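Quick note: the coordinates plus some simple rules give every number you see, no bench work behind them. The structure displayed is predicted, hence computed values, not measured ones. No Cβ is skipped: glycine too gets one built from the backbone with ideal geometry, and neighbour counts run over all protein chains shown.
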Amino acid sequence: MFQDKDSRMNLKLYQVDAFSEKTFGGNPAAVVPLATWLPSDVLQAIAEENNLSETAFYVPKEAGYELRWFTPVSEVDLCGHATLAAAHVLFTHENVSGDAVSFQTRSGELVVRRSAAGLEMNFPAKVPAPVETPELLVRALGVRPLETLVSDDYIAVLENEESVRSVSPSMSLLGELDLRGVVVTAPGRDADFVSRFFAPKLGVPEDPVTGSAHCELAPYWGKRLNLITMRAFQCSRRGGEVRCTLLGDRVLLAGSAVTFMRAEIYVET
């Protein structure tokens, strides 16, 4: 980070496709390294300008990094794919040594390790609870779930993968629901389970691959399928694979990432 002659602050920006082994797959996230924190309204403006589902910002500390995530409209408490992207940037472009990096976040400490499965994130498990299906959710999805659960989001369990792929929800009605977003999920054909995620109230009509949603999905499917390790696939248009492992009150989420772009942005000071 440095100042140029017309008093603009120059910042590095990386765009990374997370939960994918090739560009144009998975979920794109922007990552902006900082030396010190900028005002929150500036961070939000950068995220709005990027117009991706998430922009991650990190600042180095004595032990690891502080990490924050912004959608185009608000700061959020947890984001999996942008955490994966930030770790990828540190390991690949910012010369971080060792096999692990620690982030301090609004959801506590998050550790990302390099492993044979790719980058492995240790996140808190969010065990969902059954709830009576809201009629607004039925109208928004255009289908009645077999089962509905709640955690940070509504989780609508459907019959099969085809049902998940064919859902065409009303974004305006989804935006009227009281939780962060809506996950639709079902058993998969080639994966243990599949899902899609919608969060229009956060400015994200459909998120391509959502790490934080798998903190809710993995405990549910692990119990239902009697599995500790699961292969999940988020069947958005871009699609992405998430490998989930239950570890007590934590969930290990593993996936790949690839850099799409390195750039420099200019912020007025």
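Each Lys or Arg adds one and each Asp or Glu subtracts one; over the other residues with Cβ under 12 Å from the Cβ of D99, this totals +1. Work out the charge dipole of the chain with +1 on the Cβ of Lys and Arg and -1 on the Cβ of Asp and Glu about the Cα centre, then indicate which of L34, V73, Y14 is farthest towards its positive end. Of the listed residues, the answer is Y14.
Please give the helix 80-92 orientation as an angle from the longest Cα principal axis of the chain, in degrees from 0 to 90, rounded to the nearest 10. With rounding to tens, the tilt is 40 degrees. Length, then width, then depth: along the principal axes, the Cα atoms of the range 129-247 run 35, 30, 24 Å. Across the range 240-245, rounded Karplus estimates of 3J(HN,Hα) from the backbone phi angles (6.51 cos²θ - 1.76 cosθ + 1.60, θ = phi - 60°) give x, 9, 10, 9, 10, 9 Hz, Gly and Pro being marked x. The charge dipole of the range 174-258, taken about its Cα centre with unit charges on the Cβ atoms of Lys, Arg (+1), Asp and Glu (-1) only, comes to about 180 debye. A dipole drawn for the range 129-247 from +1 and -1 charges on Cβ atoms has a positive end, and of T185, L149, M230 the residue lying farthest that way is M230. Axis angle, to the nearest 10 degrees, between helix 40-50 and the longest C-alpha principal axis of the chain: 70 degrees. With a Förster radius of 51 Å, plug the Cβ-Cβ distance of A45 and L247 into 1/(1 + (r/R0)^6) and report the FRET value to the nearest 0.05. Efficiency at R0 = 51 Å is approximately 0.85. Residue ranges 92-100, 52-60, 138-146 sort as 52-60, 138-146, 92-100 when ordered by packing (mean number of other C-beta atoms within 10 Å per residue, highest first). Counting charges near A29 (Lys, Arg +1; Asp, Glu -1) among other residues having Cβ under 12 Å from its Cβ returns a value of -3.
Note on the chain: with charges restricted to the Cβ of Lys and Arg (+1) and Asp and Glu (-1), its dipole about the Cα centre is near 520 debye.
If both residues of a DSSP beta bridge must be in the chain, then about 85% of such bridges are antiparallel. The Cα center of the range 211-269 and the Cα center of the range 1-73 differ in position by 19 Å. A convex hull fitted to the Cα coordinates of the chain yields 122 cubic angstrom per residue. Antiparallel beta bridges, as assigned by DSSP with both residues in the range 16-68, represent about 65 percent of the total such bridges.
DSSP finds beta bridges in the range 156-210, and of those with both partners inside it, around 80 percent are antiparallel. Dipole check for the range 225-269: with +1 at the C-beta of Lys and Arg, -1 at the C-beta of Asp and Glu, and the Cα centre as origin, the magnitude is about 280 Debye. Let a ≥ b ≥ c be the square roots of the eigenvalues of the Cα gyration tensor of the range 102-157; is it rounded (a/c under 1.5), or, if not, prolate (a/b larger than b/c) or oblate? Prolate, since a/c reaches 1.5 and a/b exceeds b/c.
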